[in-house]
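Each reported figure results from applying straightforward, stated rules to the coordinates on display, with no laboratory input. Small disclaimer: the values here were computed from a predicted structure and weren't measured. Glycine gets a Cβ as well: all are built from the backbone with ideal geometry, and neighbour counts include every protein chain shown.
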Protein chains: 2
Amino acid sequence: MSAAIDLITGELDTPFLAVDLEAMERNLTSMADAARAHRFALRPHAKTHKCLEIARRQVEHGAAGLTVATVGEAEIFAAGGFTNLFIAYPIWAVGARGRRLRALAEQASLRIGIDSEEGAQALAKAVVGANVEALVEIDSGHHRSGVRPEQAAEVAMAAARAGLPVSGVFTFPGHGYGPGRRGQAATDEADALTEATATLRKAGLEVEVSSGGSTPTATLADAAALTEIRPGVYVFNDAQQAELGSCGWPDIALTAISTVVSSSGRRVVLDAGSKVLGADQPAWATGGGRLPDHPDARVVALSEHHATVVLPEDGVSLRRGDLVRVAPNHVCAAVNLADELVVLAQGAQIDRWPVAARGANG
Amino acid sequence: MSAAIDLITGELDTPFLAVDLEAMERNLTSMADAARAHRFALRPHAKTHKCLEIARRQVEHGAAGLTVATVGEAEIFAAGGFTNLFIAYPIWAVGARGRRLRALAEQASLRIGIDSEEGAQALAKAVVGANVEALVEIDSGHHRSGVRPEQAAEVAMAAARAGLPVSGVFTFPGHGYGPGRRGQAATDEADALTEATATLRKAGLEVEVSSGGSTPTATLADAAALTEIRPGVYVFNDAQQAELGSCGWPDIALTAISTVVSSSGRRVVLDAGSKVLGADQPAWATGGGRLPDHPDARVVALSEHHATVVLPEDGVSLRRGDLVRVAPNHVCAAVNLADELVVLAQGAQIDRWPVAARGANG
């Protein structure tokens, strides 16, 4: 990748986000293969990349449809020709948002999350008669939105009574984002979805979809419990995934290309800060991101336009003006800050992809 | 503010950023008064708001010019008619960035930070003959970019030899961002600028500008040591400033208007997550932001589209569909995520301001 960095010098000002196309294609292939091996439908979460071009490639690799987080993202991807969308969020479908959903249902086949009777009723009212199915969100241990597995039937029956078809259940095992927690989170996910599915069937409802999967747990997911996985980050990976062991450094396909602007020996400052990388930093992270080409360096501080990096005593030196690749801790946050991604292949810039759904967060 | 929230229901989908115009005007007035009382030039940092309309109001309140962090921000504000700009950053002025700076110097009177001989030489070469002055960045204790006070003359002399006029010194006392640290940071700032100024004068250089000031330290700044303050956040304030004691809850002039989408008793989930609020969370913060209208509530977790809030046992309840104002921890990060700010005055939406320099981070 250093060769690629040299080639683009002088042409583009740092900091900017660059996609390593070969690494991205390897990531797309390996997740698609893993899904096929377990007979999971793969419904990648498009919030990670927000790019039509990448969604197109995911579908070419066999994705059954896309997952999105917001009505705004669904609108962008539907306008871009993606007509099988799951909004994996308990949308509160009132006012303007209800009207937007109704219009969207004319363009795309929609699945939408619900996690309460009131939410199901509002959604039913907003999309009445349209091509929309609901999935009940289950809390499998992350304790965010979602109901406990034993409450799933209650919500599903309320939807059915309101005239909203329910096709199954979904969960996000976000508690797998911690060192050594992936395996337990995958087990919790399977248990929660299995119990919720049984609850729905006992209530006389058919369950077509049992959807789970985050990048850390997707390859550990239980084929007996899930019909579908929804990983997002895998397309690019990031410092967090590498530190969790979900990927290696060569699997990181998106980095911020930055310049060393200040130096005092082993401590250097890069011009990629939190307004380019995002500020996500879980307590267990080693710092504000990682340098894939210098894995022993540490990003000890991050401010809006500065990444302060400490280099190991016995490693390479970096001088003012040097270009450095920085992997953000959380790539979804970094992408949402950029208007476009610069695409590099075989050491040359071959394209720029607009981040079509940047900022489409409502 | 609750009345304002009611008025806009159904019209705008949450989450979105709203400016409380009265609170903002009070903040502008009080900082301008404080600067005048100490005879400081006020050069507000425009990275906080990135809005031409707010910069215009700052100038009306007596600002001597604007501070920006990047060449991109300088370009936007120069194009908007602001011709006295300080890029408070050790710009590495090579390649395209050097050419952009040269073009910018035709439109505006520029001051630019330097913190090394090499940086000064590159800048001198890029802007030779143009209307540009350099300021030497001093490290007053934050240990990011900048040189130690005793090294200031070395950098300044290198700039002078390269034909780049030096008008003074500046620092950012960012180590004041911590509970109980504001006073010490203000003292460190004054000491560092005083020593750096003396060093330059001893080397035969004139020092016109001694520039410091962050929002937590601006009102504590030493009038004998500084000629100028550069606070940014004060225009809006945020959860961080309130928790540091730099402002009160009524002084928070920008919040994310969000909807309760999920609830399990005292634990509710709002639709404003880190893609709207930013993910900044210093170790001493109480959570991922604050609810100014419910100061005893805690934002215990923040993900991209979820703020998980725990309400006190004896306080109000929040129901699904309720609108809630959330103050981000770091308002600069939140603004940089938004395309526009919705302006509220006397309980009604009166305007929308484009975030003109959103994403102009290079």
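Scan around B:Phe16 for amide H atoms under 5 Å from its own, H built in the peptide plane at 1.01 Å from N, and keep only partners 5 or more places away or cross-chain.
B:Ile257
Once the cut-off is 18 Å, how many percent of the Cα-Cα pairs in the stretch B:169-228 end up in the long-distance tail?
Values: 523 of 1770 pairs.
Tail of P(r) above 18 Å: 30 percent of Cα pairs.
When the dipole is taken about the Cα centre of the stretch A:249-362, and only Lys, Arg (+1) and Asp, Glu (-1) are charged at their Cβ, what size is it in debye, to the nearest 20?
Values: 10 positive and 12 negative charges, 43 e Å.
Dipole magnitude for the stretch A:249-362 comes out near 200 debye.
Roughly what percent of Cα-Cα pairs across the stretch B:105-209 reach past 21 Å?
On the way: 1846 of 5460 pairs.
Percent of Cα pairs beyond 21 Å in the stretch B:105-209: 34.
Using 7 Å Cα-to-Cβ label points, what is the A:Ser109/A:Glu340 separation (nm, one decimal)?
Output for this residue pair reads 3.5 nm.
Let me see the pair-distance distribution of the protein assembly as shown: every alpha carbon pair, 20 Å bin width, integer percents in order.
18, 50, 28, 4, 0
Going by C-beta contacts inside 10 Å, put A:Arg266, B:Arg298 in order with the fewest on the left.
Working: A:Arg266 14, B:Arg298 18.
Ordered from fewest to most neighbouring Cβ atoms within 10 Å, A:Arg266, B:Arg298 come out as A:Arg266, B:Arg298.
Taking θ as phi - 60°, what are the ³J(HN,Hα) couplings along the stretch B:264-278 by the Karplus curve (6.51, -1.76, 1.60), each to the nearest whole Hz, with x for Gly and Pro?
For the stretch B:264-278, the Karplus-derived couplings read 9, x, 7, 10, 10, 10, 9, 8, 9, x, 5, 7, 10, 8, x Hz, x marking Gly and Pro.
Just want the ordering: B:Tyr234, A:Tyr89, B:Tyr177, from fewest to most Cβ atoms lying within 10 Å of their own Cβ. Mind showing how you got there, number by number?
Values: B:Tyr234 30, A:Tyr89 27, B:Tyr177 22.
The fewest-first ordering by Cβ neighbours comes to B:Tyr177, A:Tyr89, B:Tyr234.
What order do you get for A:186-192, B:316-322, B:159-165, A:354-360 when each peptide is scored by the mean count of other beta carbon atoms within 10 Å, highest first?
Details: A:186-192: 22.3, B:316-322: 14.6, B:159-165: 17.1, A:354-360: 20.7.
The peptides rank, most packed first, as A:186-192, A:354-360, B:159-165, B:316-322.
Report the label-to-label distance for A:Val310 and A:Ala64 in nanometres (one decimal), using points 7 Å from each Cα along the Cα→Cβ vector.
Simple spin-label model gives 4.8 nm for this pair.
So for B:Glu313, B:Glu154, fewest C-beta neighbours within 10 Å to most, what's the order?
Numbers: B:Glu313 8, B:Glu154 15.
If I rank by nearby Cβ atoms, fewest first, I get B:Glu313, B:Glu154.
Inter-copy label distances at B:His143, 7 Å along the Cα→beta-carbon direction, one decimal in nm, shortest first?
For B:His143, the other copies' label points sit at 3.5 nm, shortest first.
In nanometres, what is the gap between the two model label sites at A:Ala130 and A:Glu11, each 7 Å from Cα along Cα-to-Cβ?
Modelled inter-label distance: 4.3 nm.
Residue of B with Cβ nearest the axis relating B to A, plus distance in whole Å?
B:Ala279, 2
Helix A:21-37 versus the longest principal axis of chain A: what is the Cα-based angle in degrees, 0 to 90, to the nearest 10?
On a 0 to 90 degree scale, this one is about 30.
Averaged over its residues, how many other protein chain Cβ atoms are within 10 Å of peptide A:334-341's Cβ atoms? Provide the component values of the computation, followed by the final result.
On the way: counts 0, 0, 5, 8, 2, 2, 1, 0.
Partner Cβ neighbours, averaged per residue: 2.
Helix B:182-202: angle to the longest alpha-carbon principal axis of chain B, degrees 0 to 90, nearest 10?
It works out to around 20 degrees.
Among B:Ala333, B:Ala126, B:Ala203, determine the one that fluctuates most according to a GNM of chain B built with springs between C-alpha atoms less than 10 Å apart.
Greatest mean-square fluctuation among the candidates belongs to B:Ala203.
Per residue of B:276-288, count partner chain C-beta atoms within 10 Å of its C-beta, then hand back the mean as an integer.
Numbers: counts 4, 0, 7, 9, 8, 5, 2, 2, 0, 0, 0, 0, 0.
Neighbouring Cβ atoms belonging to other protein chains average 3 per residue here.
What is the magnitude of the charge dipole of chain A about its Cα centre, with +1 placed on the Cβ of each Lys and Arg, -1 on the Cβ of each Asp and Glu, and no other charges, expressed in debye to the nearest 20? Provide the component values of the computation, followed by the final result.
Values: 32 positive and 42 negative charges, 114 e Å.
In total the dipole reaches around 540 debye.
Regarding the stretch B:1-155, what is the average projected area of its C-alpha convex hull, in nm²?
Details: hull surface 48.9 nm².
So the mean shadow area of the Cα hull is 12.2 nm².
Work from the charge dipole of the protein assembly as shown (Cβ charges, +1 for Lys and Arg, -1 for Asp and Glu, about the Cα centre) and give the residue of B:Ala297, A:Tyr177, A:Ala279 farthest towards its positive end.
A:Ala279
With n ≥ 4 as the cut-off for DSSP H runs, can you work out [θ] at 222 nm for chain B, using -39500 (n - 2.57) per run divided by the number of residues, rounded to the nearest 500? Display every interim value, and only then the final one.
Working: 12 runs with 116 residues, N = 362.
Helix-only estimate at 222 nm: -9500 deg cm²/dmol.
Please compare each pair in B:Lys50/B:Lys125; A:Lys47/B:Lys50; B:Lys50/B:Lys202; A:Lys47/A:Lys202; A:Lys202/B:Lys275 to a cut-off of 27 Å on the Cα-Cα distance and tell me which ones are over it.
From the list (B:Lys50/B:Lys125; A:Lys47/B:Lys50; B:Lys50/B:Lys202; A:Lys47/A:Lys202; A:Lys202/B:Lys275), the Cα-Cα distance tops 27 Å for B:Lys50/B:Lys125; B:Lys50/B:Lys202; A:Lys47/A:Lys202; A:Lys202/B:Lys275.
Tell me whether the stretch B:284-362 comes out rounded, prolate or oblate; compute the Cα gyration tensor, take square roots of the eigenvalues as a ≥ b ≥ c, and use a/c under 1.5 as the rounded threshold.
Values: a/c = 2.50, a/b = 1.46, b/c = 1.71.
Oblate.
How large is the Kirkwood hydrodynamic radius of the stretch A:85-131, counting all unique pairs of alpha carbons, in Å? Can you show the working numbers first?
Values: mean 1/r = 0.0962 Å⁻¹.
The answer is 10.4 Å.
Explain nothing, just compute: Karplus ³J(HN,Hα) = 6.51 cos²θ - 1.76 cosθ + 1.60, θ = phi - 60°, for every residue of the stretch A:42-55 in order, whole Hz, x for Gly and Pro.
9, 10, x, 7, 7, 4, 5, 9, 6, 10, 4, 4, 6, 4
Can you give the direction-averaged projected area of the convex hull of the alpha-carbon atoms in the stretch B:185-324, in nm²? Can you show the working numbers first?
Numbers: hull surface 40.6 nm².
So the mean shadow area of the Cα hull is 10.2 nm².
Give or take rounding to whole Å, what are the principal axis extents of the alpha carbon atoms in chain A, in descending order?
68, 39, 35
State, to one decimal in nm and shortest first, how far the label point of A:Arg266 sits from each corresponding label point in the other identical copies (label point: 7 angstrom along Cα-to-Cβ).
Going from nearest to farthest copy, the values are 4.8 nm.
Let me know the mean shielding of A:299-309 by other chains, meaning the per-residue number of their Cβ atoms within 10 Å of its Cβ.
On the way: counts 0, 1, 4, 1, 10, 12, 10, 8, 1, 4, 0.
Mean partner shielding for this stretch: 5.
What dipole magnitude, in Debye to the nearest 20, does the stretch B:1-110 give about its Cα centre under +1 on Lys/Arg Cβ and -1 on Asp/Glu Cβ?
Details: 12 positive and 12 negative charges, 174 e Å.
That gives a dipole near 840 debye.
What ³J(HN,Hα) values, in whole Hz, does the Karplus curve 6.51 cos²θ - 1.76 cosθ + 1.60 give for the stretch B:90-105 when θ = phi - 60°, with x put for Gly and Pro?
Once rounded to whole Hz, the list reads x, 4, 9, 8, 10, x, 4, 5, x, 5, 5, 4, 4, 5, 5, 5.
When the C-alpha atoms of the stretch B:248-336 are aligned to their principal axes, what extent does each axis show, in angstrom, from largest down?
Principal-axis extents of the stretch B:248-336 (Cα, largest first): 32, 26, 24 Å.
Compute the label-point distances linking A:Gly178 to its equivalents in the other copies; points lie 7 Å from Cα along Cα→Cβ; give nm, one decimal, shortest first.
Once sorted, the set of distances for A:Gly178 reads 2.6 nm.
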